[in-house]
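Scroll down for the structure; my scribbles are underneath it.
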Amino acid sequence: MSLSLAQDTFILVSPWKPVLFLLPLVAWAWLISTIYDKHAAQFHLEPKKWNSFHLFIGLIAFAVGVGIPMQGVAAVWVGLAAQIAILGISVAVYPIISNKDDRVPEEHHVKLDFSSMAEARAAKADSKVAGNAELKIMASDGTVTVVPDKESPDFAIRVAAEGVLIRGKEARASEMVLRPTGRDQGYGVVFLIDGVPTADMTLPAAEAIKIIDYWKGCGQLDIDDRRRKQSATLDVTHHDKSQKIRLTTAGGQAGMTLTLKVDPAAAVRRKFSKMGFLEPQAEVVNQIVSDALGIVLIATPADNGGTTLIYSLVKMHDAYTQNVQTIEIEQEDALEGVRQNPYDPAKDGQDHATLVRSILRRDPDVVGITDVPDAATPKEMCRADHERTRQYLLLRAGGALQAIQTWCKAVGDLPTASEPLHGVIAGRLVRKLCQNCRVGYSPSADMLKKLGLPADKVPQLFKKGGQVLIKNKPETCPVCGGIGYIGQEGIFEAYLLGPTERELIKSGNLAALRGEFRKQGIPTLQQAALLKAVEGITSIEEIMRVTASAESTKKAKPAAVKS
């Protein structure tokens with residue numbers, strides 16, 4: 001019996017056919033398990049649900065592939081094609097959906113463009129041949145700085161100069177500064193990451209000066225002039241991505257300083273609705289803008305969004321039906337329809353106050369003034385026709401009351417200073433928690449009491465993380481790079497200044513003015529910051545850092561004229 005069965009055996013499937021069906025399945029499984037699954041885990045995109053989806057699609061693909069109701073070799077090819085097509089649904093759907101998720105930064109989008117991957121490898125190979133000189137640096141006139149020969153002494157300087165910018169960009173810095181440390185004639189590289197200075201490395205003075213001179217040469221600046229402030233805009237390309245870099249150098253007693261600012265125009269472009277104003281604050285700002293009379297004080301510390309804020313307010317006026325102008329020492333961006341008047345303090349001739357007077361005498365509808373470099377400018381602003389011209393003035397101050405104090409001191413006469421005031425808007429920037437790695441916790445009752453928060457309404461707060469769990473192993477968060485924060489958002493206070501408030505300013509009664517502000521029921525800077533913490537946007541630690549900085553600003557003597 002067994003002999004008969006052995007003689008009757010025959011092959012049902014050719015040996016090569018199962019292999020043919022397994023090859024696309026293996027490739028698909030490798031992509032899902034090594035790339036998609038890890039990506040979903042990194043950004044908390046519910047990897048279990050995605051894996052279930054992929055598995056379901058894989059089972060359907062296999063079943064359709066082997067179950068085609070056809071015979072012969074044609075059935076194999078039709079089944080294989082159907083299997084690949086169904087697997088392609090799984091491969092294509094994940095990138096489409098995940099790339100639209102706000103939790104996934106653009107640089108971490110899943111891309112299946114194999115040609116661009118090949119180009120990136122080729123670019124990397126080219127840079128290796130060129131000796132790790134990775135940047136294409138082009139001046140404003142189109143001149144490209146040639147990479148020195150690898151054997152020349154200038155090549156090492158070129159690589160070191162590039163390194164300052166490349167490391168900064170990889171760390172998400174908005175500015176890279178090379179400046180004297182004040183110790184042993186050394187220089188230090190400092191990155192400004194989300195508004196916080198972060199030390200990178202130190203260099204001997206001789207090497208640092210060579211790097212500064214190299215960047216000055218790229219920007220076609222005067223290398224021999226080591227005192228005067230000089231600026232240039234460069235177009236820098238790295239891995240096929242081009243960005244504008246604002247290059248600034250200046251000299252002092254300790255030595256020269258180099259600042260590389262990444263895409264400064266883009267940094268100050270933000271719609272008013274995206275700046276972080278709370279709803280009642282936004283209503284006050286809209287009232288101030290629609291009033292369009294007198295002077296409005298804008299108050300922020302340095303590097304806390306002051307230019308973005310004043311630009312945003314100026315753009316809220318219709319530049320095509322009104323005469324809207326600005327007066328700026330350093331123009332950060334081009335404002336459509338707005339006449340932007342530059343002022344260069346290094347040039348002889350007209351001073352800032354004279355320029356302000358000249359523009360105000362032409363009866364513009366709106367003027368935004370971003371700097372107060374002299375004592376005469378505030379006085380000229382007070383002499384304008386406040387029934388016809390709205391003026392916005394940016395002051396470096398820690399809050400609304402300090403801005404009013406600073407303004408009054410600069411004008412030098414309380415009645416004159418108070419009469420044209422119609423509003424004050426103060427702001428600061430807080431770092432936003434990385435939504436990919438933030439850590440929730442239950443705050444204690446004592447903590448909430450100290451913060452003035454209701455214990456029954458705040459069950460959870462968040463703090464910075466910096467790591468994510470991927471397959472039960474902690475790894476550095478790919479979104480924030482382990483910092484725990486990414487990006488910044490504004491916290492504000494905004495007050496209308498009517499007859500009652502102006503009378504209190506005129507009498508110098510700031511305590512009563514503070515009470516009048518409270519009656520308006522508009523959230524203060526501190527209240528706005530706490531609300532952001534309750535919403536999980538920032539942390540209590542970050543608020544304490546910013547508040548401590550604000551307190552130190554309050555205790556410092558207000559700068560009367562320098563903004």
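The values are calculated or read from the model by the stated rules, or taken from the named source; none is laboratory data. All values derive from a computational prediction rather than experimental measurement. Note that we place each Cβ from the backbone using ideal geometry, even for glycine, and neighbour counts take in every protein chain shown. SASA here: full protein model, heavy atoms, side chains in, ligands and nucleic acids out. Shrake-Rupley method; radii C 1.70, N 1.55, O 1.52, S 1.80 Å.
Solvent-accessible surface of region 445-511, taken per residue with a 1.4 Å probe and all protein chains present: 55 Å².
Taken per residue, the accessible surface of region 295-417 reaches 39 Å², heavy atoms only and a 1.4 Å probe.
Given their separation in residues at 0.36 nm each and the Cα-Cα distance between them, Arg388 and Tyr441 gain 13.7 nm when the chain is fully extended.
The residues of region 158-234 expose, per residue, 47 Å² of accessible area to a 1.4 Å probe.
What the Cβ-Cβ distance of Lys463 and Glu489 gives, at R0 = 22 Å and to the nearest 0.05, is a FRET efficiency of 0.85. Evaluated with a Cβ-only charge set (Lys, Arg +1; Asp, Glu -1), region 195-248 carries a dipole of roughly 240 debye about its Cα centre, given to the nearest 20. Under 19 Å from a label point set 7 Å out along the Cα-to-Cβ vector of Lys409, the amide N atoms of region 495-509 belong to 505-509.
The count of lysine pairs in region 355-491 with alpha-carbon distances below 21 Å, taking only pairs 8 or more places apart or on different chains, stands at 9. Take 474-485, 516-527 and order them by the average number of nearby Cβ atoms within 10 Å per residue, most first; the result is 474-485, 516-527.
Here the sum of -39500 (n - 2.57) over DSSP H runs of 4 or more residues, divided by the residues of the chain, equals -13000 deg cm²/dmol at 222 nm, to the nearest 500.
Which lysines, on any chain, are close to Lys111 with Cα under 18 Å apart, when same-chain ones fewer than 8 places away are left out? Cα-Cα hits under 18 Å: Lys38, Lys100, Lys241. Near Lys315, which lysines are there with a Cα under 20 Å away, not counting those fewer than 8 places off in the same chain? By straight Cα distance, Lys315 reaches Lys271, Lys274. Comparing Cα centroids, region 403-454 and region 165-223 end up 32 angstrom apart. With both labels modelled 7 Å from their Cα along Cα-to-Cβ, the Val19 to Thr321 distance reads 7.6 nm.
The calculated FRET efficiency for Lys49 paired with Ala206, based on their beta-carbon distance and R0 = 56 Å, is about 0.45. Ranking Gly252, Leu178, Gly398 by how far each Cα lies toward the positive end of the dipole of the chain (charges on Cβ) leaves Gly398 at the top. When the Cα gyration tensor is reduced to axis lengths a ≥ b ≥ c, the ratio a/c is 1.5 or higher for region 186-257, and with a/b not above b/c it is classed as oblate. Just to confirm my numbers, what's the Cα centroid distance between region 470-543 and region 338-366 in Å? Value for the Cα centre distance between the two parts: 33 Å. Hey, any idea what % of the chain's accessible area is carbon plus sulfur with a 1.4 Å probe? That share works out to 56 percent. Unpaired Cys in the chain, meaning no second Cys C-beta under 4.7 Å: Cys218, Cys382, Cys408. By definition, a body whose alpha carbon gyration tensor gives a ≥ b ≥ c is oblate when a/c is 1.5 or more and a/b is not larger than b/c, and region 254-369 fits this oblate description. In terms of the Cα gyration tensor, with a ≥ b ≥ c the square roots of its eigenvalues, is region 332-403 rounded because a/c is under 1.5, prolate because a/b exceeds b/c, or oblate? Rounded shape, in that the Cα axes give a/c under 1.5.
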